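Let me begin by presenting the structure, written as structure tokens, before commenting on it.
The values are calculated or read from the model by the stated rules, or taken from the named source; none is laboratory data. Bear in mind the structure is a predicted one, so any value in this text is a computation, not a measurement. A quick note on method: Cβ atoms are made from the backbone with ideal geometry, for glycine too, and the neighbour counts reach across all protein chains shown. SASA here: full protein model, heavy atoms, side chains in, ligands and nucleic acids out. Shrake-Rupley method; radii C 1.70, N 1.55, O 1.52, S 1.80 Å.
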Amino acid sequence: MSETPEIAEPAAPLLEIRGLTVALPEGGDRAFAVEKIDYVLNPDEILCVVGESGSGKSVTAHAIMGLLPKPDLRIAAGGILFKGRNVVTMAEAEQRRLRGHRIAMIFQEPMTALNPLMRIGAQIEEALEIHTDLGKAARAARVVEMLAAVGLPNPEEIRKSYPFRLSGGQRQRVMIAMALALKPDILIADEPTTALDVTTQKQILDLIKAIQRERRMAVLFITHDFGVVAEIADRVAVMRHGRIVELGAAEQVLNRPSHPYTRALIGALPHGRPADKPAFAPAAAPILAARDVHKVYRVAGTRVGGRRELVVSDHVNLDIHPGETVGLVGESGSGKSTLARTIVGLVKPDGGRIDFAGADLVALDREGFRPYRRHVQMVFQDPYASLNPRHTVGDIVAQGPVAYGTPRAEARARAAELLRLVGLEDSAVARYPHEFSGGQRQRISIARALAMEPKLLIADEPVSALDASVQAQVLKLLAEIKERLGLAMLFITHDLRIAAEICDTVGVMKLGKLVEIGPAAEVFGSPRHPYTRALLDAIPGQGWAPPQDHGGS
Amino acid sequence: MNRDFLHAFARNKGAVLGLAIVGAVILVALAADLLFPASPWEMAGAPFGRPLADGMLMGTDMLGRDIASGVAHGARVSLLIGLASTLAAVAIGVLLGAVAGYYGGRLDDLLMRFTELFQTIPNFVLVVVIVAIFTPSLVSIVVAIALVSWAPLARLVRGEFLSLRSREFVQAAITCGQGDATIIFRQILPNCMSPIIVSASLMVATAILLESSLSFLGLGDPNAMSWGFMVGSARTVLRQAWWMCFFPGFAILLTVLGLNLIGEGLNDAFNPRLRRKRKA
Amino acid sequence: MLRFLLNRLAKAAVVLGVVVVLNFLLIHAAPGDPATVMAGEAGAADQMFVDQLRKQFGLDRPLHVQLGTYVSHILQGDLGFSFRQQRPVADLLLDRLPATVVLTLSAFTLALAGGIALGLLAAVNVGKWADSAITVVALLSYATPIYWVGLMLVLVFSVNLGWLPAFGYESIGAGHAGLARMGDIARHMILPVATLGLFYMAVYTRMTRASALEVSSMDFVKTARAKGQSEWRIVTRHVLRNAILPVLTVAGVQAGQLIGGSILVETVFAWPGLGRLTFDAVLQRDYQVLLGVFFVTSVLVVAFNIVTDVLYVLVDPRVEIAK
């Protein structure tokens, strides 16, 4: 692995990974989680390790911290040198002195990373208790100082709170405060913003960047998102199947990738620019018109939390025309999925009307809804939860038509046809969902929806659980099918780059309200609502336009 | 999946041991009349005969009855009552749990309050009261045991239904126009069979313990020789004749242990992820 | 805290209310009406006496009126009359209650403390010999009929070794007083408490082990490890409290079973509590006493539930704060 000459090599690397190989338990489909990994981490830089799921990108990080799940994963060969001393061969006690002191780590899931039964202050203080001999008052003062440094309001109060009081973004700030409490040399961040909304992600990325610049720390940042890489990386390592395929300065890897895999990955990214086609001109009356739809959830009190109300649809109006793709974007809890579920009849709204094919769907009871139901179909988010594991793929696709009276044999023949249409092999009919990959399962899900011969297809985050390269393929399939069958589509996503690319019309939702809706080019080109502007502003890596000439899949 | 499951089960030494024990108990129960053609209530030798004396494997009791014969015939009662009451309890528990979990809302609240109540009240005391009032017989014992056993299963099934109900494949079934009965029995129930099977196998064990406790107190079916009865009637002579208590009690221990081992083996085989964690 | 307690008390009242109704229905569902049964118990089955009883207990009035009378009697502490023993059921129960409370509370404490400690020990040493040993012993204890364990313990420790008394609450006629009497009672308690406690200790051990293993795989334990904490500290400060919560919940629910188990243990050890009373009532088919025992044990269960709920609040700060 050659270092790129553009970077001025600092005196000595802080951390050096040498030929690191981590073995997986026997009987798996791979022998090694990572194999012969080499890289260095210098003081005062951010190194991004990027890769798709299963690439082994976070295994190395866990190895550095001695956090590999025992005995499933073990270091088979190679070394991890911190300031020249090999962490792998160190005694456990000595390793512990590094952990949380010289090398600190933050994780992906801020909601579960804190002990629910311990006050925030006590959890941060623990690191100080172990590694320093500060007195009680000094520790408390340091905690308050750290909480303020990561931008939390009322640090004194937060110090005494329990984690369940805090939002995900706040908890991630607490994690960062905890990691930085001892002014470590290295901060390892394992997908720290993946579980967060885009605006919160931006704040956390800014925070990490600012702290890194201020303290001149080394940051090892693990992510799957090239946007994030563009936002924060000085250098990038691209991983695939447990190996590093490309390593270099961020500017070079992002704009002039040399390895075909990197090129394919970057080529598959949504470019985030609205298509250059003219604004959608409706040729007919809307196929679906939602008027004044509202819904309030009354969340029952639990052992922990009290009863409260949650407005999920706040008097929403929405039109969808034949042939039109309407996108709904917004952060978690904005009510975009609830709106979709209201339209397919999974959620009963408190009021308003939804006109479809001459009937008000809201006013219909379950029996009355039945004739309309088949014309509004849905593709779900989670490819692992949306197919019944006990049924064959052929059955799954045929079940809907059978429920509507199609003879079984005919429905199954049609199912086989549809599965071919979505690009699966003929043998798929008799197989079970677990034999398919995530992307293939989404194809099955699409076939199931199509079997009902819908007029309106609702896609609820259909690609958010997929890796970037697979995302592109599924999006392409959806667009083709929509075009070929002349469907109307309601596309729900949290990813504005995808919405920009495939939607004719885009609506922005916040706290149950549709704050802005219009042609994609307008919404993205000249957003009117401040929240839309905030969302757009938060898209990571905006300064970077992925080179498109390499062509994706 | 099936082969994986059998493989996982067969690799679990405890489960195989459990299967062997329970298999042996079933064999003995089936062959009791061949092995010991005489009624276990009849005198077979001198009273207070020690084990292995007079050709009596486990000795005789204070009336000279063959303990080995009693143990063999007792296996029938234990297995019969264990199975029958478990079947009844599973039927009640699955039905109530499925309805509560699938329909949710007030119906769920009501059913779960009811279930909680049955879980809270002292089970064994209720069984004793019911059996005593309705006079001990196979039927009253089975009904009483089923009545106090279904509650935990109902909660379990309800929890499974509640979580599976919001699963996307169930929502997809709704949007495809399938009816409630189809969704409950074809979509959801097959996906919660493994926890139901596991708890059913553990429930058989608990039912056998309950039955033996009842007959220990003298509330067993008076026409059937049972293990609990043998221990209960021999306890006054424990000082002179340990074997009268020991063998029937040990038979209960073995049977219940075997059933528990099977239950755990099934659980591990159904949840490979958990199994790994356990070994980790 | 006050509101929390009031809430629990209201729940307890509902449970007891249902138990009372169930009791009432059981009397009426019994073969033969209560008057015949009572007359049978009193040993006089002639029609005159039965009719007189019917009138006396209002059995000729509509069912809901009878239920009203029954409830009002219970509210006044009248749980019926045992003709066999010629005493009010409430008196009989009150006589026996303290011994049962002492036995069950000790066994519950032993089972909970021991179970949590052993379960945690097994989880920390998962896969090693300590874990295997604890798991096997728990599996065996969990499969053994409780009364048989009692008998076997008597066989070993009283009959063969002669270390401990085999039955009773204290040595009769020994004339112990004060501290000596306490010691005497304690010696009598060892075997019954061990018998009753062992089974439930096995239950809680298995549960704690499973729960601790699950907690150990959670993210916040990884966070703790990333801070450089020692394994011991991680277990005591992070795993323990989180692992106890589900165990406490189940322990509360299962208190009823533990109290039911005490009936068997008391029978084996001739412990002068409700269990012995039950055994005698079963032999004599004394239904009034049996129903009384059911009511009183339900009260006990409800009390145990409140205790575990309070323990839960002490361990989980979120419950109270969220109110």
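Quick notes
- Counting only helices (runs of 4 or more DSSP H) that sit completely within segment C:181-292, those holding 3 or more residues that are under 24 Å from B:C245 (Cα atoms), within 14 Å of chain B (Cβ to nearest Cβ) and not hydrophobic (A, V, I, L, M, F, W, C) correspond to C:240-269, C:274-284.
- Scanning segment C:134-180 for residues that are assigned to a loop (DSSP other than H, G, I, E, B) and at pLDDT 80 or above turns up C:T144, C:P145.
- Qualifying position, being touching a residue at least 12 places away in the same chain (Cβ under 8 Å) and either under 20 Å from C:Y204 (Cα atoms) or touching a Ser or Thr at 6+ places or on another chain (Cβ under 8 Å) (or both), among C:A113, C:A123, C:A99, C:A90: C:A123
- Residue under evaluation C:F157, criteria (1) of a type in the set (F, W, Y); (2) within 15 Å of C:I116 (Cα to Cα); (3) open to solvent by 20 Å² or more (accessible area, probe 1.4 Å), criterion not met: (2)
- Members of segment A:511-522 found to be touching a residue at least 40 places away in the same chain (Cβ under 8 Å) and either part of a helix (DSSP H, G or I) or among the β-branched types (V, I, T) (or both), listed by number: A:I517, A:A520, A:A521, A:E522
- The residue of segment A:229-265 that is farthest from A:A77 (Cα to Cα), among those that are surrounded by fewer than 23 Cβ atoms within 10 Å (Cβ to Cβ) and among the β-branched types (V, I, T), is A:I232.
- In segment C:230-267, residue nearest to the chain's Cα centre (by Cα) [restricted to those that are β-branched (V, I, T) and over 30 Å from C:F220 (Cα atoms)]: C:I259
- Condition broken by B:L117, with the remaining ones in (1) within 20 Å of B:M203 (Cα to Cα); (2) open to solvent by 10 Å² or more (accessible area, probe 1.4 Å); (3) in contact (Cβ under 8 Å) with a residue 60 or more places away in the chain satisfied: (3)
- In segment A:345-367, residue surrounded by the fewest Cβ atoms within 10 Å (Cβ to Cβ) [restricted to those that are outside any strand (DSSP E or B) and among the basic types (K, R)]: A:K348
Quick grid of which residues meet (1) free of Cβ contacts under 8 Å to residues at least 12 places away in the same chain; (2) surrounded by fewer than 21 Cβ atoms within 10 Å (Cβ to Cβ); (3) in contact with a strand residue (DSSP E or B) (Cβ under 9 Å, 6 or more places away or on another chain):
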site	(1), (2), (3)
A:T406	yes, yes, no
A:A413	yes, yes, no
A:L421	no, yes, no
A:D426	yes, yes, no
A:H434	no, yes, no
A:R443	no, no, no
A:I446	no, no, yes
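- Between A:A195, A:A177, the distinction of being open to solvent by 30 Å² or more (accessible area, probe 1.4 Å) and either among the aliphatic types (A, V, I, L, M) or not in a helix (DSSP H, G or I) (or both) belongs to A:A195 only.
- Verdict on A:V59 being within 17 Å of A:T21 (Cβ to Cβ) and in a loop (DSSP other than H, G, I, E, B): no
- If you go through segment A:116-135 and keep only what is more than 8 Å from chain C (Cβ to nearest Cβ), assigned to a helix (DSSP H, G or I) and without any contact (Cβ under 8 Å) to a residue 12 or more places away in the chain, you end up with A:A122, A:E129.
- Between B:A207, B:A234, B:A251, B:A241, the distinction of being more than 12 Å from every other protein chain (Cβ to nearest Cβ), among the small types (G, A, S) and open to solvent by less than 20 Å² (accessible area, probe 1.4 Å) belongs to B:A207 only.
- Scanning segment B:59-91 for residues that are crowded, with 24+ Cβ neighbours inside 10 Å, within 15 Å of B:D221 (Cα to Cα) and of a type in the set (G, A, S) yields B:G70, B:G74, B:A75, B:S78, B:G82, B:S85.
- Per-region count, segment B:168-181, residues more than 7 Å from every other protein chain (Cβ to nearest Cβ) and open to solvent by 20 Å² or more (accessible area, probe 1.4 Å): 3
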